[in-house]
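Engineer: Quick one: this structure, given as structure tokens, is what I'll be asking you about.
The numbers here are math on the coordinates, done by the rules we state, and not lab data. Just so we're clear, the structure is a prediction, and the values are computed from it rather than from any experiment. We place every Cβ from the backbone using ideal geometry, glycine too, and count neighbours over all the protein chains shown.
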């Protein structure tokens with residue numbers, strides 16, 4: 001590798017990091033990636049934890065070498081605020097779909113809704129929305145539905161650790177419910193809306209969805225997409241991102257040299273993916289212990305870049 005190429009690659013480490021975007025409604029997660037590629041003048045941009053077009057909130061974007069982090073991040077917990085409209089279901093379980101027959105909701109009150117939500121807290125079996133990205137015979141469920149194919153998805157176990165009712169109100173013959181939800185990855189908030197409406201016997205669908213946290217990344221760090229395009233900047237440099245997302249072990253210079261060249265270290269009893277960090281805070285690699293080895297699953301700073 002020439003000196004010029006080495007400097008360019010080292011620059012890619014300096015320029016690498018995570019961007020926490022506050023995604024606007026009406027565009028896809030892929031649209032956000034495309035706009036970030038233009039803003040940061042690089043093709044090396046990816047995202048983790050897809051958001052539907054109607055949803056807003058935290059979308060984790062990786063830039064340069066940090067794109068390799070995206071599949072390793074533990075984004076198993078998520079938080080949302082949402083508005084559930086009771087009074088009719090929808091074929092997409094949200095306001096973008098075709099509504100079913102209207103039901104009388106004049107008998108509903110906050111107490112009845114709060115009582116019904118209790119059945120959806122804890123480990124539950126949930127049928128995903130038919131417009132989800134789950135694959136059926138190799139094709140996305142939402143693509144099949146758009147073609148008029150009747151898609152039946154099996155239920156799967158998810159965890160809802162919090163399903164709090166913040167406010168309720170009657171609105172033009174509807175009964176709207178503002179909620180906060182903490183849940184496991186794979187939980188569909190629109191399915192909660194559908195199932196809550198079914199439990200109350202009036203139907204329900206989602207009208208507003210905002211993700212406020214995904215894993216350790218929260219909305220208070222997120223930047224609106226328009227503002228990011230005007231002033232492109234990292235939310236977290238790659239070293240800071242790894243410090244937030246992973247446990248770490250401190251390594252000396254000899255160990256750093258070894259792991260940067262693709263060799264393995266002695267295990268120290270750490271579970272899961274964790275970072276090997278020098279005393280001055282530079283992340284050399286992400287490691288995972290297996291048997292007698294702590295081997296790299298991603299070398300952040302290979303020897304050619306150091």
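Engineer: Stick to the Cα atoms of segment 26-124, pair each with every other, and give me the Kirkwood hydrodynamic radius in Å at one decimal.
Structural biologist: 16.9
Engineer: What percent antiparallel are the DSSP beta bridges of the chain, to the nearest 5?
Structural biologist: If we restrict to bridges inside the chain, about 90 percent are antiparallel.
Engineer: Over the C-alpha atoms of segment 246-305, what are the Rg and the largest Cα-to-Cα span, Dmax, in Å?
Structural biologist: 10.0, 29
Engineer: Next up: Quick check: pseudo-label points 7 Å beyond the Cα along Cα→Cβ at residue 178 and residue 33, how many nm apart are they?
Structural biologist: Between residue 178 and residue 33, the simple spin-label model gives 3.4 nm.
Engineer: Between 0 and 90 degrees, rounded to the nearest ten: what's the tilt of helix 189-199 against the longest Cα principal axis of the chain?
Structural biologist: So the inclination is approximately 30 degrees.
Engineer: Please give the peptides 262-271, 247-256, 40-49 ranked by average Cβ packing (other Cβ atoms within 10 Å per residue), highest first, as a rough proxy for protection.
Structural biologist: Packing order, densest peptide first, comes out as 40-49, 247-256, 262-271.
Engineer: Follow-up question, since we're still on this one. Once both axes come from the Cα atoms, what is the angle between helix 3-14 and the longest principal axis of the chain, in degrees from 0 to 90, rounded to 10?
Structural biologist: Relative to the chain, helix 3-14 is tipped by roughly 40 degrees.
Engineer: More than 22 Å apart: what percent of Cα pairs in segment 184-290 qualify?
Structural biologist: The calculated P(r) of segment 184-290 puts 56 percent of pairs beyond 22 Å.
Engineer: Now for a different question. Compute the distance from the alpha-carbon center of segment 34-102 to that of segment 249-306, in whole Å.
Structural biologist: Comparing the Cα centres of segment 34-102 and segment 249-306, I get a distance of 32 Å.
Engineer: Going by alpha carbons, how many degrees (0 to 90, nearest 10) lie between the helix axis of 29-40 and the longest principal axis of the chain?
Structural biologist: Rounded to the nearest ten degrees, it is 40.
Engineer: Next question, about the same structure. Using 0.36 nm per residue, how much length does the chain from residue 230 to residue 114 gain when fully extended, once their Cα-Cα distance is taken away?
Structural biologist: 37.5 nm
Engineer: Over the Cα atoms of segment 235-278, how large are the radius of gyration and the largest Cα-Cα distance (Dmax), in Å?
Structural biologist: Using the Cα atoms of segment 235-278, the pair Rg, Dmax is 11.1, 33 Å.
Engineer: If you don't mind, another one. Please compute the contact order of segment 194-268 in relative form: average sequence separation of alpha-carbon pairs under 8 Å and at least six residues apart, divided by the residue count, as a percent.
Structural biologist: Averaging sequence separation for qualifying contacts and normalising by length gives 13 percent for segment 194-268.
Engineer: Here is a further query. Relative contact order for the chain: what percent, with Cα pairs under 8 Å and sequence separation of 6 or more?
Structural biologist: Answer for the chain is 22 percent.
Engineer: Please compute the contact order of segment 174-306 in relative form: average sequence separation of alpha-carbon pairs under 8 Å and at least six residues apart, divided by the residue count, as a percent.
Structural biologist: Relative contact order here is 15 percent.
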